[in-house]
Amino acid sequence: MPVLPTSILLRSRLIPPFFSPPSARPVHRLAAAITFSSARRPFPDKNLIRAKDSVKELPSLSLFPNQPPTLLPDQATGFVAAAQANFRRVTVESTGGNSTGVNEDAQLLCVVRALLKKIKRRVLVGDRVLVSSVDWENRTGMIEDVFERKTEVIDPPIANVDHFLVLFSMEQPKLEPFTLTRFLVEAESTGIPLTLVLNKCELADEEALSTWKDRLHKWGYEPLFCSVESKSGLGFLEGTLKGKTTVVVGPSGVGKSSLINYLRSDQHYDEIDDLYSEGVKWLGEQRVSQVSKSGLGRHTTRHVSLLPLTGGGYLADTPGFNQPSLLKVTKKSLSETFPEIRQMLSDSASCSFNDCLHIGEPGCVVKGDWERYPYYLQLLDEIKIREEIQLRTFGTKREGDVRYKTGEMGVKHPEPRLELKKHRRVSRKRINQSVIDELKEIDEDFD
């Protein structure tokens, strides 16, 4: 019998049996392997694949207005009417089949489900929500999920708004053009129709009113002058707000709460349990206070709440703030929030470049001969700085806080993504290396 070389024997031992050609394998082994692989990974169903593809196109919110869920006896749907801290006041719209003795428009004091906080899904005033674990006797519950939103506003935080009412005053506090421009840009960026109202007209003379009317007309707005104190110019406003969810925004002290109290002065409601520690009734009159000695407003309203109107619709009273964040406005979309620029682009041909910022680029049709052009440049510089800081901090790709786990029939369920281990102990190797680097730096300094 011939003796094989040692190298051939070692090579034959190193080659595993599964690298042998298929023709050399036994037939029963191939059949068993095919059966085992098919048992572990069954062929996917075509309907399952279609379901996965359709779920990918859906938004992150799991409830949709066109598909109301089937409610259990301890469940209800409604909208968030007020919010403070972790509590939400929910107005009930529909209940489960076996819930008896519950009137429409009943109020539930609810907390937010912990999972919604972990996946950072905010529950805003105006959201339509699903409430579970309802205690109909004590009128409490837990917000389980949120329906899809039609619109969302950042300043103030509110959802499903139909109309913006930008309220300023002629005097006390005095009307400032740049502050008014910031509020108008914030309102224009949402794409929601807006109405500009100037209050406290009794404190200004006819010349000042005429000057501001012509000035705002050049800006592209038709202001409504009114006076809550003398109750003048408010009839047209009542018809404008009918049947809509309107959010009232403006600086502190311009008379937002006073206007809301006037529009709701003919309504009478039964007292509701006090939700706020300040003693403000949710359906009662809103607190008002005098302007401070410096001429600025006081922060009387401290929360966002939806207040019903007699003719239908809701008014959202919001805290006053003097500097809207403009977080939704980018340097490319800023020009779309100025009616003057929109008018120039519609009257003539478009700019030569698609990414034109209208700051004197070649072929730009927007000239700088209009009043608010310096305000546009100032806001553009502010947005550029903010975007550069965001790019340095977060980069172009930022991992989301939510991951989606696919269940049966391809339905995806949101789950919170675990945070990175930011507080891990530094290894000894890294500590020793840092000490060596410091010693080298000391030696270089001495040299």
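The values are calculated or read from the model by the stated rules, or taken from the named source; none is laboratory data. Worth saying up front: this structure is predicted, and the values here are computed from it rather than measured. Cβ coordinates were reconstructed from backbone atoms using ideal geometry, including for glycine residues, and neighbour counts include every protein chain displayed. Accessible surface areas use protein heavy atoms only, side chains included; no ligands, DNA or RNA. Shrake-Rupley method; radii C 1.70, N 1.55, O 1.52, S 1.80 Å.
Return, ordered by residue number, the residues of region 131-154 whose backbone nitrogen is under 20 Å from a label point located 7 Å along Cα→Cβ of D74. The answer is 131-146.
The order of K117, K244 by accessible area, most exposed first and with a 1.4 Å probe, is K117, K244. Solvent-accessible area of region 158-208 (1.4 angstrom probe, protein heavy atoms only): carbon and sulfur portion equals 47 percent. Simple spin-label estimate for K429 and K384 gives 4.5 nm between the two label positions (7 Å along the Cα-to-Cβ direction from each Cα).
Summarising the amide proton neighbourhood of D317: residues at separation of 5 or more, or on other chains, whose placed amide H is nearer than 5 Å comprise S305, L307. Once both labels are positioned 7 Å from their Cα atoms along Cα-to-Cβ, the gap between E137 and F446 label points is 8.2 nm. For the set T179, T310, solvent exposure ranked by accessible area (probe 1.4 Å, protein chains only) runs largest to smallest as T310, T179.
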